[in-house]
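Beneath this line is the structure, given in structure tokens, with notes to follow.
The values are calculated or read from the model by the stated rules, or taken from the named source; none is laboratory data. Note that the coordinates shown come from a computational prediction; the quantities given were computed from them, not determined experimentally. Cβ coordinates were reconstructed from backbone atoms using ideal geometry, including for glycine residues, and neighbour counts include every protein chain displayed.
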Amino acid sequence: MPQTGDFEKDIDLLMQNVARLFAYEGNAKLVSILSNANISAAQTGYDNWDGGICIYSVYLEIPQTIYLEINAELEAISTTIEEKLRTLLNRYNDTWTGGVVLSPQLIESESWQKNARDWLSGKGITNQGRVRSNNIANRQCDGLLFRSQPEINIYKALKSKGVAFAPLPVFLKGGKEYSRIEPDFILIKDGVVLCLEIDGDTVHIENPAEANARTRILSNEGVIIERYSACRCETPEKAEELAKEIILLIEKHKRNKL
């Protein structure tokens, strides 16, 4: 059996397996946090009970965009990760955890003052990719947020076609039945509005009923909902073909409206 001090050395291996366990449960939020974190551990305590127990704290430095999105849930997320980690502690002698600490990653930039002035002037401000916090958008392309490489592939393909579209826009519906959603893409062409959803692009997979419920505030207003598997755009070449298919589909809907 590994000795007590091995916990600190093995922390990356341990958290890999914690992330895998969350993936089996379909918990995309925690997988996203762990897969984007800088992970370390350090001994922060010692207890004389039962011959002595070394206590370790685990530190997760996560991207600032993700940290801000989960800020209201930090304590619950920390507890959930620690509980899962403790299921793996039977490998180690006289070892216990003293908490999982989440903090934002430090970003070093020689142009940070210029970047700050740009922010004050309104450049780079976006509400994109912020709603479905159970499925965090943690990839970037052209300054926009995405949840997977297939989404980035179809984004580039649509961009090359000259069609008007919005990736991960936020839609709100007020009133007594308030709701807000973040569809993968909204396309507008020739008077047709189409919602494009890329399914199975992360460990978080919706069943058809959940997917329909999430997009109902759009379909009820006449927006066309089209869903495609992520494998249809897993490469730039496949995404190019899918983009052509989607544009032809929009043109067909336009003809049907005439």
* Please list, ordered by first then second residue, the pairs with beta carbon atoms under 8 Å, 6 or more apart or interchain, first in the stretch 18-42 and in a strand (DSSP E or B), second of a type in the set (Gly, Ala, Ser). => ALA41/SER57; ALA42/SER57
* **Qualifying position, being charged (D, E, K, R) and within 21 Å of ARG147 (Cα to Cα), among ARG86, ARG91, ARG20** => ARG20
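Among the candidates TYR46, TYR56, which residue alone is touching a helix residue (DSSP H, G or I) at 6+ places or on another chain (Cβ under 7 Å) and either among the aromatic types (Phe, Trp, Tyr) or not in a strand (DSSP E or B) (or both)? Full working, then the answer.
Values: TYR46 fails: touching a helix residue (DSSP H, G or I) at 6+ places or on another chain (Cβ under 7 Å).
Among TYR46, TYR56, only TYR56 is touching a helix residue (DSSP H, G or I) at 6+ places or on another chain (Cβ under 7 Å) and either among the aromatic types (Phe, Trp, Tyr) or not in a strand (DSSP E or B) (or both).
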* Asked: Yes or no: GLU75 more than 20 Å from ILE181 (Cβ to Cβ) and at pLDDT 85 or above?
  -> yes
* Members of the stretch 132-190 that are at pLDDT below 80, assigned to a loop (DSSP other than H, G, I, E, B) and among the small types (Gly, Ala, Ser) -> SER133, ALA137, GLY143, GLY174, GLY175
* **Among (1) assigned to a helix (DSSP H, G or I); (2) surrounded by 13 or more Cβ atoms within 10 Å (Cβ to Cβ) - the single one GLU83 does not satisfy** => (2)
* Structure fact -> Within the stretch 86-108, the residues that are under 16 Å from ASP10 (Cα atoms) and not in a strand (DSSP E or B) are ARG86, THR87, LEU88, LEU89, ASN90, ARG91, TYR92, ASN93, ASP94
* Quick one: which of THR95, THR87, THR80 is in the same structural domain as TYR24 (by TED's automatic domain parsing), at pLDDT 85 or above and in contact with a Phe, Trp or Tyr (Cβ under 8 Å, 6 or more places away or on another chain)? -> THR95
